[in-house]
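Asks: I'd like to ask you about the structure that follows.
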């Protein structure tokens, strides 16, 4: 277990112990959101083929920006890439580009290096659903959460990068070394898509609705900055840097210098949005809207590929997968193994669901904890973080949501449906071209045992998942916190 995973486990245990239990599932009508509609747009789409290029594209867009940059992220790390991108944004603001960042507050504490940028006349930073506790670390957050659980349980999970209302990047990546293959400890295998075209206007409107809502507040209302416009903490963070700052930034600049014009595919793209009403009633707006529109586009799918970091069904019901199997669809699942999961809680609950999925005839491929992605700068352990569904090798969902109760009922999510056989083929290749090296094929033996196979290797127990993990897994299941995942 990595240090980051250990921190996650300890934090979530603390919060769960303090709060006592998860929220109950809401009552949802059978036809909930069945009439919600969206508009198709003829749009250009480009699947960014490598993690380093995904960051380089962002820097290039910022340097080319002329009018505005709007962003939404769940997390933004104070590391080499996080600070590099912020510095580029500040330079864009210096040349009169209007920069807006909406950031979920869960991982923001008393970060003056970040809040200082809000004092720039052309930079605005707002926090989503902010905590009151800022200086007491996770202990303070846990107690803050325990007294305001219903309010603070909802988090902003969108990942959005929009430059000049002309170019937009959506996908699963937050901002930090580990999302772009530059962490020395562990990296995420993830995906981003670059869009150009009319669909961006719909995301402009969604962003403005969030920006003007009661759920976001200016960062300086939570983090006080005494000297406006001085940027002392930010400059100190930039100057200090990490030990591998120079080779990382050198490689980023190399990536930027070698960028070619994106090879866009013309496709029909349908935007999918959540509702901020979710913060009041915890109902699955996004999940229902997405599944209804998928059914409209592909009424009786014969083949489906589901890619998700976390596979934990809401209320123990695999509604989407069961609907696919009713049509005798061939269903493949790509997800994390127990050892590769960045969430300390999920393996405890996924273990029992794995058996159910195998019984349903699902082909399961689990990501190896020691998988090496060819495109990563540092070849270290990786977590699987791709979030996509492909139906009949034609309609592709790309978005921020996972297959878990938190995405269904608590997080604010968004995504798109892309109707293009060529794009679906590219995504399939992106996910599976290293399948033999990156995944375990999970199956049920004649003896009834579950096995994990890759090449000549065959395991009958979770690979690289030690018996030590069974103790916290047992505790997590006893906590009955599945709704929070």
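Asks: Given the criteria in contact with a helix residue (DSSP H, G or I) (Cβ under 8 Å, 6 or more places away or on another chain) and in a loop (DSSP other than H, G, I, E, B), does residue 408 qualify? Let's see the steps before the verdict.
Replies: Working: in contact with a helix residue (DSSP H, G or I) (Cβ under 8 Å, 6 or more places away or on another chain): yes; in a loop (DSSP other than H, G, I, E, B): no.
For residue 408, the condition - in contact with a helix residue (DSSP H, G or I) (Cβ under 8 Å, 6 or more places away or on another chain) and in a loop (DSSP other than H, G, I, E, B) - is not met.
Asks: Quickly run through the stretch 62-78 and pick out the residues that are crowded, with 23+ Cβ neighbours inside 10 Å and farther than 18 Å from residue 194 by Cα.
Replies: Matches in the stretch 62-78: 76 only.
Asks: How many residues are within 28 Å of the chain's Cα centre (by Cα) and either in a loop (DSSP other than H, G, I, E, B) or modelled with pLDDT of 90 or more (or both) when one looks only at the stretch 454-482?
Replies: Residues that pass the stated criteria total 8.
Asks: Given the condition part of a helix (DSSP H, G or I), modelled with pLDDT under 95 and under 17 Å from the mean Cα position of the chain (by Cα), answer yes or no: does some residue in the stretch 427-441 qualify?
Replies: There is no residue in the stretch 427-441 that is part of a helix (DSSP H, G or I), modelled with pLDDT under 95 and under 17 Å from the mean Cα position of the chain (by Cα).
Asks: Enumerate the pairs (first residue in the stretch 328-347 and more than 16 Å from residue 373 (Cβ to Cβ); second residue anywhere and at pLDDT below 85 and not in a loop (DSSP other than H, G, I, E, B)) with beta-carbon separation below 6 Å, excluding pairs fewer than 6 apart on the same chain, so at least 6 apart or on different chains.
Replies: Sorted first by the residue in the stretch 328-347, then by its partner, the pairs are 338/347; 341/347; 344/5; 344/8; 344/9; 344/12; 345/12; 345/476.
Asks: Would you check if residue 108 is surrounded by 21 or more Cβ atoms within 10 Å (Cβ to Cβ) and at pLDDT below 95?
Replies: On the way: surrounded by 21 or more Cβ atoms within 10 Å (Cβ to Cβ): yes; at pLDDT below 95: yes.
Spelling it out, residue 108 is indeed surrounded by 21 or more Cβ atoms within 10 Å (Cβ to Cβ) and at pLDDT below 95.
Asks: Can you go through 272, 194, 276 and tell me which one is under 26 Å from residue 387 (Cα atoms), surrounded by fewer than 19 Cβ atoms within 10 Å (Cβ to Cβ), touching a helix residue (DSSP H, G or I) at 6+ places or on another chain (Cβ under 9 Å) and modelled with pLDDT of 95 or more? Don't jump to the end; show me each part of the working.
Replies: On the way: 272 fails: surrounded by fewer than 19 Cβ atoms within 10 Å (Cβ to Cβ); 194 fails: surrounded by fewer than 19 Cβ atoms within 10 Å (Cβ to Cβ).
Result: 276 is the single residue among 272, 194, 276 that is under 26 Å from residue 387 (Cα atoms), surrounded by fewer than 19 Cβ atoms within 10 Å (Cβ to Cβ), touching a helix residue (DSSP H, G or I) at 6+ places or on another chain (Cβ under 9 Å) and modelled with pLDDT of 95 or more.
Asks: So residue 287 clears everything in (1) part of a loop (DSSP other than H, G, I, E, B); (2) at pLDDT 95 or above; (3) crowded, with 23+ Cβ neighbours inside 10 Å except one condition, right? Which one?
Replies: The failed condition is (1).
Asks: Might you let me know whether the stretch 68-78 holds any residue that is in contact (Cβ under 8 Å) with a residue 24 or more places away in the chain, in contact with a helix residue (DSSP H, G or I) (Cβ under 9 Å, 6 or more places away or on another chain) and within 30 Å of residue 295 (Cα to Cα)?
Replies: yes
Asks: A further question follows. Let me confirm something: among 223, 219, which residue is closer than 30 Å to residue 276 by Cα, surrounded by 14 or more Cβ atoms within 10 Å (Cβ to Cβ), at pLDDT below 95 and in contact with a helix residue (DSSP H, G or I) (Cβ under 8 Å, 6 or more places away or on another chain)? Explain how you work it out, then say what you get.
Replies: Values: 219 fails: at pLDDT below 95.
When all the criteria are applied, what remains is 223.
Asks: If you don't mind, there's one more thing I want to ask. Restricting the search to the stretch 417-433, which residues are surrounded by fewer than 16 Cβ atoms within 10 Å (Cβ to Cβ) and within 23 Å of residue 382 (Cα to Cα)?
Replies: Selection gives 429, 433.
Asks: Taking the stretch 341-370 only, how many residues are within 20 Å of residue 192 (Cβ to Cβ) and modelled with pLDDT of 90 or more?
Replies: First, pick out the residues of the stretch 341-370 that are within 20 Å of residue 192 (Cβ to Cβ): 342, 367.
Narrowing further to those that are modelled with pLDDT of 90 or more: 367.
Selection size over the stretch 341-370: 1.
Asks: Here's something else I'd like to know. Determine, yes or no, whether residue 296 is in contact with a strand residue (DSSP E or B) (Cβ under 7 Å, 6 or more places away or on another chain), surrounded by fewer than 22 Cβ atoms within 10 Å (Cβ to Cβ) and either within 20 Å of residue 391 (Cβ to Cβ) or in contact (Cβ under 8 Å) with a residue 12 or more places away in the chain (or both). Spell out how you get there, then give the answer.
Replies: Working: in contact with a strand residue (DSSP E or B) (Cβ under 7 Å, 6 or more places away or on another chain): no; surrounded by fewer than 22 Cβ atoms within 10 Å (Cβ to Cβ): yes; either within 20 Å of residue 391 (Cβ to Cβ) or in contact (Cβ under 8 Å) with a residue 12 or more places away in the chain (or both): yes.
No; evaluated as a whole, the condition is false for this residue.
Asks: Just to be sure before I move on: is residue 81 in contact with a strand residue (DSSP E or B) (Cβ under 9 Å, 6 or more places away or on another chain), crowded, with 22+ Cβ neighbours inside 10 Å and outside any helix (DSSP H, G or I) in the structure I sent? Reasoning before the result, please.
Replies: Values: in contact with a strand residue (DSSP E or B) (Cβ under 9 Å, 6 or more places away or on another chain): yes; crowded, with 22+ Cβ neighbours inside 10 Å: yes; outside any helix (DSSP H, G or I): no.
Criteria not met by residue 81.
Asks: In the stretch 304-326, is there at least one residue being modelled with pLDDT of 95 or more, surrounded by fewer than 15 Cβ atoms within 10 Å (Cβ to Cβ), more than 19 Å from residue 35 (Cα to Cα) and touching a strand residue (DSSP E or B) at 6+ places or on another chain (Cβ under 7 Å)?
Replies: no
Asks: Follow-up. Just for the stretch 339-352: of the residues that are touching a strand residue (DSSP E or B) at 6+ places or on another chain (Cβ under 8 Å) and assigned to a loop (DSSP other than H, G, I, E, B), which one is farthest from residue 437 (Cα to Cα)?
Replies: 342
Asks: Follow-up question, since we're still on this one. Considering only residues that are in a loop (DSSP other than H, G, I, E, B) and surrounded by 13 or more Cβ atoms within 10 Å (Cβ to Cβ), which ones fall in the stretch 362-379?
Replies: We begin by selecting, within the stretch 362-379, every residue in a loop (DSSP other than H, G, I, E, B); these are 362, 368-379.
Scanning the stretch 362-379 gives 362, 368, 369, 370, 371, 372, 373, 375, 376, 377, 378, 379.
Asks: Report the residue count in the stretch 112-151 for those that are within 13 Å of residue 222 (Cα to Cα) and either in a strand (DSSP E or B) or over 22 Å from the mean Cα position of the chain (by Cα) (or both). Spell out the reasoning first.
Replies: Step one: list which residues in the stretch 112-151 are within 13 Å of residue 222 (Cα to Cα), which gives 112, 114-116, 118, 125-135.
Pick out the ones that are also either in a strand (DSSP E or B) or over 22 Å from the mean Cα position of the chain (by Cα) (or both) and you get 112, 115-116, 118, 125-128, 132-135.
Result for the stretch 112-151: 12.
The values are calculated or read from the model by the stated rules, or taken from the named source; none is laboratory data. Here the structure is a predicted model, which means the values were calculated and not measured. As a convention, Cβ positions derive from the backbone with ideal geometry for all residues, glycine included, and neighbour counts pool all protein chains shown.
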